[in-house]
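Each remark here refers to the structure printed beneath this line.
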Amino acid sequence: MIGNSAGRAFLGSFTSAGGLGVTAASVDRETGALTLLGSTDAVPDPSFLAVGPRENGTVLYAVGESAPGVAAAFTVDGDVPTLLAPAQAVDGDAPTHLTLAANHLVTANYTSGSVTALPVLADGSLGAAASVLRHEGSGPDTGRQEAPHAHQVLADPSGNWLVSVDLGTDSVRVCALDPATGALRLHGETALRPGTGPRHLAFHPSGALAYVLGELEPVLTVCRWDAETGRLDVLGEAPVLPEHETADEAVRTYPSEVVVARDGRFLWTANRGHDSISVLTLDESGEKAALVATVGCGGRWPRDLTLDPSGQWLYAANEHSGNVSWFAVDAETGIPRHAGSVEAPAVSCVVFV
């Protein structure tokens, strides 16, 4: 069992590439170190996880990035995550992300280009899919943007809206979710620069700004967010890598994740191919982002990047090298310093309780 003096984390991974599935880990709050505990492969390719409340503890949710795609709930009272109930179909293929909102679990289904809402039942398990919202459109990159590809869905800080980031259509959609029926309704859509291939979005702590990270181009799009009207407006862009390091076509870079500091002073991105973490400073308004440094990610192909609850430790899930690296964040500069790593085959994400 995990002791009271330690924190708890959970890792997702690709079982089809040798990953362990969903893994529990203890966290040393003093050193940031992870110690892996038990794993379960009850769901195929649980690439992304989310933590939710439960009357008697915590529930861990996972997508199964398979075809057809599934979502599942786990109890995490012991060292091995345990399925609460059989996984539920999401009525879409390759779900890559999930979020909790209005008593529902919502998934972004990459291959199908759709978003699905499933009710969360009283015991924390999932009911059958209540609704599916299908995206439409395409982008200029015929190899990656031939159709919609919803890559992330996230509840906004107010809890009134969902935003879904679509790599295939170069856009972010704003949706409303009916808490009683689970019905999803498209509210609006914000177009980004064609070909940037937006992958993930993160909100500023103020709740008034959002930062959208491109996967097909290493660029950050800064947006103003109005929670009252559910409107997202583009303010500008900032590079997440030095220009001379993106000019080499032999080394393509595919940014994967964006994280904002708790105090809103810094922003980090994970960059696959370049195998780095970029550090950007944010001005007092949060509207201007400036690249100040890049550091190695401690492995290869960082698919996920996340802060621990204290905001002092940054974790990179390095999929191709099969390890999670952790970094101490300098409170003055925002620059992460590598502090350790642990082996985790085909790891895809890290979440904390």
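Can you find, within region 95-129, the residue that is surrounded by the fewest Cβ atoms within 10 Å (Cβ to Cβ) among those that are among the hydrophobic types (A, V, I, L, M, F, W, C) and in contact with a His (Cβ under 7 Å, 6 or more places away or on another chain)?
At the first step, the residues of region 95-129 found to be among the hydrophobic types (A, V, I, L, M, F, W, C) are 98, 100-102, 105-106, 108, 115, 117-118, 120-122, 126, 128-129.
If we keep only those that are in contact with a His (Cβ under 7 Å, 6 or more places away or on another chain) as well, we get 108, 117-118, 120.
Working: ALA108: 32, ALA117: 27, LEU118: 25, VAL120: 22.
Checked region 95-129; the qualifying residue surrounded by the fewest Cβ atoms within 10 Å (Cβ to Cβ) is VAL120.
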Original post:
So which of THR196, THR190 ends up being more than 15 Å from the chain's Cα centre (by Cα) and either under 20 Å from ASP45 (Cβ atoms) or in a loop (DSSP other than H, G, I, E, B) (or both)?
Top reply: THR196
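Name the one entry in TRP301, TRP268 that is crowded, with 24+ Cβ neighbours inside 10 Å, touching a residue at least 24 places away in the same chain (Cβ under 8 Å) and among the aromatic types (Phe, Trp, Tyr). Walk me through how you get there before you give the answer.
Values: TRP301 fails: crowded, with 24+ Cβ neighbours inside 10 Å.
Of TRP301, TRP268, the one residue that is crowded, with 24+ Cβ neighbours inside 10 Å, touching a residue at least 24 places away in the same chain (Cβ under 8 Å) and among the aromatic types (Phe, Trp, Tyr) is TRP268.
Inside region 199-235, can you point out the residues that are closer than 20 Å to HIS274 by Cβ and assigned to a strand (DSSP E or B)? Walk me through how you get there before you give the answer.
We begin by selecting, within region 199-235, every residue closer than 20 Å to HIS274 by Cβ; these are 199-200, 202, 211-221.
Those that are closer than 20 Å to HIS274 by Cβ and assigned to a strand (DSSP E or B): ARG199, HIS200, ALA202, TYR211, VAL212, LEU213, GLY214, VAL219, LEU220, THR221.
How about region 13-108: which strands (runs of 3 or more DSSP E) wholly inside it have at least 3 residues that are of a type in the set (A, V, I, L, M) and under 21 Å from GLN152 (Cβ atoms)? Lay out the reasoning, then the answer.
Numbers: elements: 22-27, 34-40, 48-54, 57-64, 70-75, 95-101.
Those strands (runs of 3 or more DSSP E) span 48-54, 57-64, 70-75, 95-101.
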Original post:
among the small types (Gly, Ala, Ser), out of contact with any Ser or Thr (no Cβ under 8 Å at 6 or more places or on another chain), surrounded by fewer than 17 Cβ atoms within 10 Å (Cβ to Cβ) and part of a loop (DSSP other than H, G, I, E, B), is that true of GLY159?
Top reply: yes
**OP:** Would you check if LEU154 is outside any loop (DSSP other than H, G, I, E, B) and crowded, with 18+ Cβ neighbours inside 10 Å?
**Re:** yes
**OP:** Starting from residues that are part of a loop (DSSP other than H, G, I, E, B) and of a type outside the set (S, T, N, Q), keep the ones in region 164-178 and report whichever is surrounded by the fewest Cβ atoms within 10 Å (Cβ to Cβ).
**Re:** ASP178
**OP:** Can you run down the residue pairs with Cβ atoms below 8 Å, 6 or more apart or on separate chains, where the first is in region 162-180 and over 13 Å from THR190 (Cα atoms) and the partner is outside any strand (DSSP E or B) and among the aromatic types (Phe, Trp, Tyr)?
**Re:** ALA176/TRP161
Subject >> Conditions (1) under 21 Å from ARG134 (Cβ atoms); (2) in a strand (DSSP E or B); (3) hydroxyl-bearing (Ser, Thr, Tyr): number failed by THR181 >> reply: (2)
Original post:
Could you say which residue among GLU319, GLU287, GLU332 is under 17 Å from the mean Cα position of the chain (by Cα) and either of a type outside the set (A, V, I, L, M) or farther than 17 Å from PHE10 by Cα (or both)?
Top reply: GLU319
Original post:
Picking from VAL63, VAL70, VAL51, VAL90, which residue would you name as being closer than 16 Å to VAL350 by Cα, in contact (Cβ under 8 Å) with a residue 12 or more places away in the chain and buried (at least 21 other Cβ atoms within 10 Å of the Cβ)?
Top reply: VAL63
Subject >> Residue list for region 151-173, filter: of a type in the set (Val, Ile, Thr) and within 17 Å of the chain's Cα centre (by Cα) >> reply: VAL153, VAL163, VAL165, VAL172
**OP:** Determine, yes or no, whether VAL329 is under 17 Å from LEU213 (Cβ atoms), among the hydrophobic types (A, V, I, L, M, F, W, C) and at pLDDT 95 or above.
**Re:** no
Original post:
Counting only residues that are polar (S, T, N, Q) and within 20 Å of ARG29 (Cβ to Cβ), which one in region 304-338 is surrounded by the most Cβ atoms within 10 Å (Cβ to Cβ)?
Top reply: SER325
**OP:** Among the residues of region 115-146, count how many are out of contact with any Asp or Glu (no Cβ under 8 Å at 6 or more places or on another chain), over 20 Å from ALA202 (Cα atoms) and in a strand (DSSP E or B).
**Re:** 8
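The values are calculated or read from the model by the stated rules, or taken from the named source; none is laboratory data. If you're wondering where the values come from, they're calculated on a predicted model, not measured in any experiment. Ideal geometry is used to build each Cβ from the backbone, glycine not excepted, and the neighbour counts take in all protein chains shown.
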